[in-house]
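Enquirer: First the structure, which I've put down as structure tokens, then a few questions once you've had a look.
Each reported figure results from applying straightforward, stated rules to the coordinates on display, with no laboratory input. Just so it is clear, the structure is predicted and the values come from calculations on it, not from any experiment. Cβ coordinates were reconstructed from backbone atoms using ideal geometry, including for glycine residues, and neighbour counts include every protein chain displayed.
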Amino acid sequence: MINLNKISRKLLLLQRNELLSDTQKYFRKKFGRYIFTNFLIHYFQKKNLENLTENLFKNELNTFEKYLPANIENIVDIGCGLGILHIYINEMYQNKPSFFLLDKNTIDTKIKYGFSENYESYNVLNETKNILLNNGLLNEQIHLINVDKEIKIDNKIDLLISLKSMGYHYPIDNYIELLKTKCNNKTIFIFDVFADRYNVDLIKKNFKFVEVIYEESSLHSLKRLYCKGLL
Ligand SMILES: C[S@@+](CC[C@H](N)C(=O)[O-])C[C@H]1O[C@@H](n2cnc3c(N)ncnc32)[C@H](O)[C@@H]1O
């Protein structure tokens, strides 16, 4: 079972607000985002957060597992957050792939959610590393990349993942030129888009093949895409 310390609990709840308790959601509404993000987030948490977290990310993997190739060497995740998904992807692949995990490395003081050109950040890359090292990944498999510094990926990307990040909170254009230099026709892309901002026809301008594989309809509605052939 994964073990979450105080800081990783806070990050997880900011990254995945479906894990907030009803009491936390109530206080967020009542006291506002600043007080919630900086103080109240530490209280009124669900008791079985670890179990719920495991189930959440195993379910996420279920939504796209059948689209993954049998063998894989290099995985890139844009906006990886704590990277818990990769514990389960790593268990699938016995050949021990390399994980290039991109995120910012700060926690903004007021997390608003939504879609914007320059979206808030809420991650601590060292926490991502600790969680992965404590759950089966080897040090040499993990390459953490702070996107506010130089983004250096030496290898060709076999699988690009971005759950609830690129395309969902900020434009895919922020990364598309970088991806063109690191991907080929075989690269598989799994990423979420904010449905109000991106329809499938818009995405088809960037990829030869696009399929919607999962949807969530809420205030910030989501389409999960499986794409190939970056143009
Ligand atoms: C909703 S969380 C999702 C985290 C993770 N992908 C998951 O499925 O739990 C969005 C993540 O995107 C990161 N982020 C925000 N702006 C970013 C940017 N320009 N580039 C990369 N990551 C960014 C945030 O710091 C945060 O970790």
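Enquirer: Can you tell which of 153, 84, 161, 145 is over 27 Å from residue 28 (Cα atoms), buried (at least 21 other Cβ atoms within 10 Å of the Cβ) and not hydroxyl-bearing (Ser, Thr, Tyr)?
Expert: 161
Enquirer: Applying the selection to the range 136-162, what residues are polar (S, T, N, Q), away from the ligand (no atom under 15 Å from the Cβ) and not in a helix (DSSP H, G or I)?
Expert: Result: 155, single match.
Enquirer: Any idea which of 26, 88 is more than 21 Å from residue 155 (Cβ to Cβ), more than 17 Å from the chain's Cα centre (by Cα), assigned to a helix (DSSP H, G or I) and not basic (Lys, Arg)?
Expert: 26
Table: residues versus (1) free of Cβ contacts under 8 Å to residues at least 60 places away in the same chain; (2) touching a Ser or Thr at 6+ places or on another chain (Cβ under 6 Å); (3) under 17 Å from residue 124 (Cα atoms); (4) within 16 Å of the ligand (Cβ to nearest atom).
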{"position": "1", "(1), (2), (3), (4)": "yes, no, no, no"}
{"position": "6", "(1), (2), (3), (4)": "yes, no, yes, no"}
{"position": "14", "(1), (2), (3), (4)": "no, no, yes, yes"}
{"position": "20", "(1), (2), (3), (4)": "yes, no, no, yes"}
{"position": "35", "(1), (2), (3), (4)": "yes, no, no, no"}
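Enquirer: Any idea which of 56, 14, 40 is over 17 Å from residue 190 (Cβ atoms), out of contact with any strand residue (DSSP E or B) (no Cβ under 8 Å at 6 or more places or on another chain) and surrounded by 15 or more Cβ atoms within 10 Å (Cβ to Cβ)? Give the derivation first.
Expert: Details: 56 fails: over 17 Å from residue 190 (Cβ atoms); 14 fails: out of contact with any strand residue (DSSP E or B) (no Cβ under 8 Å at 6 or more places or on another chain).
The unique qualifying residue is 40.
Enquirer: Keeping to the range 91-135, report how many residues are of a type in the set (D, E, K, R), closer than 23 Å to residue 33 by Cα and in a loop (DSSP other than H, G, I, E, B).
Expert: 6
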